[in-house]
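Q: Below is the structure I would like to discuss, written out as C-alpha cells.
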Amino acid sequence: SDEFKLFMKRLPMNYFLNTSAVMHLWTMDSNFQRRYEQLESSMKQLFLKAQRTVHKLFSLSKRCHKQPLIRVPRQRSSNYWLNRIQSFLYCNENGLLGSFSEETHTCTCPNDQVACHGLLPCTVGDGPACLSCAPDNRTRCGSCNAGYMLSQGLCKPEVADSTEHYIGFETDLQDLEMKYLLQKTDRRIEVHAIFISNDMRLNSWFDPSWRKRMLLTLKSNKYKSSLVHMILGLSLQICLTKNSTLEPVLAVYINPFGGSHSESWFMPVNENNFPDWERTKLDLPLQCYNWTLTLGNKWKTFFETVHIYLRSRIKSNGPNGNESIYYEPLEFIDPSRNLGYMKINNIQVFGYSMHFDPEAIRDLILQLDYPYTQGSQDSALLQLLEIRDRVNKLSPPGQRRLDLFSCLLRHRLKLSTSEVVRIQSALQAFNAKLPNTVDYDTTKLCS
C-alpha cells in the first residue's frame with residue numbers, strides 16, 4: 001500500500017533498526033497504524049466469511065464419498081511484518097528480496113544467492129552499542145555511549161585494559177584523520193626506519209630490469225626493547241625517465257618482531273579486501289608518482305622490518321589497441337636494449353610506537369611455574385591469554401591467523417623454542433577449561 005511505501009521511506013538508514021525500534025516507529029506513524037488496523041479488521045471479516053463457507057461445504061459434502069480438504073490461510077502476525085520490513089531494509093539488493101535474521105544479522109537469499117545482502121548499519125543503543133554511526137561508514141561507530149570508548153570502529157568499555165601494563169595496542173587516530181595524515185605524508189605519524197639496500201641507493205638512477213631488494217628496519221629488538229611498533233601505511237616516490245615503458249611492481253613482506261627474513265609474511269595487496277596501492281602523479285618534469293598503501297586501523301599490524309621487492313614489467317597496447325598488456329622485461333626484449341631508468345626519491349613508513357614491558361611479561365611467565373600467591377597462576381594465565389589473542393588478532397587476512405604471539409616471545413623476550421612450546425601448551429590447556437571459549441588454530445611463522 002501507499003502507507004507501507006511511505007513508512008519505508010521514512011525509516012532511518014544511518015543506524016541499525018531491531019524489531020523493537022521498528023515497532024516503536026510503527027506506533028508513532030498514525031497513517032501506517034490505521035492502515036494496518038483496517039487490514040486486520042478486513043482480514044477478520046474475511047476469515048469469518050471463509051469459516052461460514054467451510055461449514056456450508058461440510059454440510060453439503062455428507063452425500064460425497066470423499067470429504068473435501070479445505071485450507072484457510074492464517075492471518076500474518078505483526079512479527080511477520082516486522083521481519084518483512086527488516087528484510088526490505090537489509091536484504092533487498094540487486095532486485096532480490098531475501099529474509100533477514102535478527103539473531104545472526106544475516107540474510108537468506110533466494111536460490112542461496114548472496115547478492116541480496118545489503119550494507120548493515122551499526123547498532124545504536126545502550127551499553128557497548130554506538131551512540132552514533134561514523135559519517136563515512138555507517139557499519140562502524142562514530143561515537144559511543146557513556147562509559148565506553150571508540151576503538152577500531154567499535155565501542156569498548158572505558159575501564160583500563162588489563163594488558164596495557166604489558167603491551168599497548170591502540171592509537172587515538174580515527175580512520176578519516178589517519179587517511180588525511182597519510183595523504184599529506186605528515187611527519188607526525190612517520191616512523192623513522194633505517195633504509196638498507198645492496199642493490200640501489202635512494203635518489204639515484206638505476207636499471208630496473210632486474211629485481212631490487214630494499215629494507216626499512218627499526219632494529220628496536222636490540223636498541224629499544226621498551227617499544228613495539230605498528231604500521232599504518234607505506235609511501236614511495238618513484239620516478240621514471242621520459243618515454244619509459246616500464247611499470248613498477250612492488251611486493252611487500254612484513255617482519256613483525258625481528259628474526260630472519262624467512263619469518264616475514266607476504267602482504268596480500270588488493271586481495272581478500274586488502275587495500276591496493278594508490279598512485280598520484282606529481283607535478284614534476286619527470287614521470288614521478290607517489291605510491292601510497294594505506295592500511296589504517298582495519299589492517300594495521302606489528303612490524304620490525306619491511307622488506308620491499310621491486311621488479312618491473314613492460315606496459316604496451318594490446319592487439320586491439322584499447323587494452324594494456326604487460327611483459328617481463330627480459331622475456332621478450334634483448335637484454336642489451338635499455339628500457340629507461342628509475343629512481344626512488346624516498347620511502348616512508350607510517351605508524352606509531354607503543355609501550356612494551358618485556359620484564360613484566362617474563363614475570364607473568366614465571367608465575368606459571370612459581371605462583372606467588374594462591375590463584376596468581378590462573379590470573380597470569382588469563383592475562384597471557386588476553387595478550388596472545390590480541391597480538392594474534394593483528395594478523396593479515398587469511399583462512400588462519402598467524403602465530404604472532406610466538407614471534408613476540410622468541411624475538412622480543414628471547415625465549416627458546418622449547419620454552420615457547422611449553423607456554424603455548426599451558427595456555428591451550430587452560431583455555432580448554434574456561435567456559436564458552438573457542439580456541440583457534442594458527443599458522444606458525446617464527447621458528
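The values are calculated or read from the model by the stated rules, or taken from the named source; none is laboratory data. Because the structure is predicted, anything quoted here is derived from the model rather than measured. No Cβ is skipped: glycine too gets one built from the backbone with ideal geometry, and neighbour counts run over all protein chains shown. The accessibility values were calculated without ligands, DNA or RNA, using every heavy atom of the protein model including side chains. Shrake-Rupley method; radii C 1.70, N 1.55, O 1.52, S 1.80 Å.
Q: When the range 141-169 is examined, which residues are found to be open to solvent by less than 30 Å² (accessible area, probe 1.4 Å) and part of a loop (DSSP other than H, G, I, E, B)?
A: ASN145, GLY153, THR163, TYR166, GLY168, PHE169
Q: What are the pairs with Cβ atoms under 9 angstrom where one residue, in the range 411-440, is assigned by the TED database to the domain that holds GLY259 and free of Cβ contacts under 8 Å to residues at least 24 places away in the same chain and the other, located anywhere, is assigned to a helix (DSSP H, G or I) and exposed (fewer than 15 other Cβ atoms within 10 Å of the Cβ)? Sequence gap at least six, or different chains.
A: none
So that you can scan it fast, the table gives a plain yes or no per residue for (1) crowded, with 18+ Cβ neighbours inside 10 Å; (2) in contact (Cβ under 8 Å) with a residue 12 or more places away in the chain; (3) in the same structural domain as LYS184 (by the TED database); (4) outside any loop (DSSP other than H, G, I, E, B):
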site: ASP199; (1), (2), (3), (4): no, yes, yes, no
site: LEU202; (1), (2), (3), (4): no, yes, yes, no
site: GLY233; (1), (2), (3), (4): yes, yes, yes, yes
site: ASN243; (1), (2), (3), (4): no, yes, yes, no
site: PRO248; (1), (2), (3), (4): yes, yes, yes, yes
site: PHE257; (1), (2), (3), (4): yes, yes, yes, no
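Q: If I ask for residues that are closer than 23 Å to LYS281 by Cβ, among the small types (Gly, Ala, Ser) and modelled with pLDDT under 90, which ones from the range 188-245 would you list?
A: SER244
Q: Sort out which residues of the range 102-138 are closer than 16 Å to GLN86 by Cα and among the polar types (S, T, N, Q), and write them in order of number.
A: Hits for the range 102-138 are THR104, THR106, THR108, THR123.
Q: I need the helices (runs of 4 or more DSSP H) fully contained in the range 358-447, keeping only those with at least 1 residues that are touching a strand residue (DSSP E or B) at 6+ places or on another chain (Cβ under 7 Å) and crowded, with 17+ Cβ neighbours inside 10 Å.
A: The qualifying helices (runs of 4 or more DSSP H) are 376-392, 404-411.
Q: May I ask you to verify whether ASP172 is in a loop (DSSP other than H, G, I, E, B), within 20 Å of the chain's Cα centre (by Cα) and either free of Cβ contacts under 8 Å to residues at least 40 places away in the same chain or within 30 Å of LYS242 (Cα to Cα) (or both)?
A: yes
Q: Go through the range 298-322 and give me each residue that's under 36 Å from the mean Cα position of the chain (by Cα), open to solvent by less than 20 Å² (accessible area, probe 1.4 Å) and either of a type outside the set (A, V, I, L, M, F, W, C) or modelled with pLDDT under 85 (or both).
A: Scanning the range 298-322 gives LYS300, THR301, GLU304, THR305, HIS307, SER312, ILE314.
Q: Among what's in the range 330-377 and is under 36 Å from the mean Cα position of the chain (by Cα) and more than 30 Å from ARG388 (Cα to Cα), pick the residue that is modelled with the lowest pLDDT.
A: MET342
Q: Provide a single number: the residues in the range 120-140 that are open to solvent by 20 Å² or more (accessible area, probe 1.4 Å) and either among the aromatic types (Phe, Trp, Tyr) or outside any loop (DSSP other than H, G, I, E, B) (or both).
A: 9
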